[in-house]
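Asker: The structure under discussion is supplied below as structure tokens; questions concerning it will follow.
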Amino acid sequence: MSEATLINIHAVLKTSSVNGPGLRMVVFFQGCSRNCPGCFNPQTHPLDAKTLMTPAEIFNEYYAGGVEGITVSGGEPFSQPAGLERLLESSRARGLSTVVYTGFTHEELLKMPEASVALTFTDALIDGPFEIEKTEKTLLARGSTNQRTIFLTGRYAEADFYMPGKIELIIGKNGIVTGTGFGGIAPFGNIAFHNTP
Ligand code: SF4
């Protein structure tokens, strides 16, 4: 399959230990029209092109090895289903596990032909919109308790997503501190950080 499909990218983390099991490369897609109240990353909402890259270019620029998998988040990854499919397929070809966060439910995705193909390359899907009234401490790597962790292969189990209160703070070259992860932090409750440098 061709890797020529361009993906509109918001940001990429070369490594993270708070966006799914083990050490992972994290790709944040740009663009989401869902507008969940309290969304943790409104910068990813605009559908305008931010950074357009093919899967091969993403790996060439950001893949440093030493990670067990890739996590795709956003934004809404399934708003670019062809690019998502090719990124996940490229990840599998490199022996990486695949985790995808989406605002769609699994049932909704199964009715979308292109999304269904991307799901065949997904090990674990965290589904459903962020619901700010359900942000009590979830213990799992998710933003709100309505979101399900659905295992589409035998690669992972729920215990692999148990990471209560884990966040990473990243100090950018410009001195701006941003965070990523899912932290149950008093007095704020469970907060999903996906702001990236
Ligand atoms: S929480 Fe996710 S699905 Fe909801 S608006 Fe934000 S990026 Fe979109």
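Asker: Just to verify a result, which residue in segment 117-152, among those that are within 15 Å of the ligand (Cβ to nearest atom), over 16 Å from the mean Cα position of the chain (by Cα) and not in a loop (DSSP other than H, G, I, E, B), is surrounded by the fewest Cβ atoms within 10 Å (Cβ to Cβ)?
Answerer: Glu133
Asker: What's the number of the condition Thr51 fails, among (1) under 23 Å from Asp160 (Cβ atoms); (2) more than 16 Å from the ligand (Cβ to nearest atom); (3) among the hydroxyl-bearing types (Ser, Thr, Tyr)?
Answerer: (1)
Asker: Moving on to the next point. Does Pro37 satisfy the condition of being more than 25 Å from Arg155 (Cβ to Cβ), part of a loop (DSSP other than H, G, I, E, B) and free of Cβ contacts under 8 Å to residues at least 40 places away in the same chain? Lay out the reasoning, then the answer.
Answerer: Working: more than 25 Å from Arg155 (Cβ to Cβ): yes; part of a loop (DSSP other than H, G, I, E, B): yes; free of Cβ contacts under 8 Å to residues at least 40 places away in the same chain: no.
No, not satisfied.
Asker: Would you pick out the residues in segment 13-29 that are in a strand (DSSP E or B), at pLDDT 95 or above and touching an Asp or Glu at 6+ places or on another chain (Cβ under 9 Å)?
Answerer: Selection gives Arg24, Phe29.
Asker: Let me ask something else about it. Select from segment 59-99 the residues that are touching a residue at least 60 places away in the same chain (Cβ under 8 Å), polar (S, T, N, Q) and in a strand (DSSP E or B) and write down the one among them that is surrounded by the most Cβ atoms within 10 Å (Cβ to Cβ).
Answerer: Ser73
The values are calculated or read from the model by the stated rules, or taken from the named source; none is laboratory data. All of these numbers come straight from a predicted model, not from anything done at the bench. Positions of Cβ are generated from backbone atoms using ideal geometry, with glycine treated the same way; all protein chains shown enter the neighbour counts.
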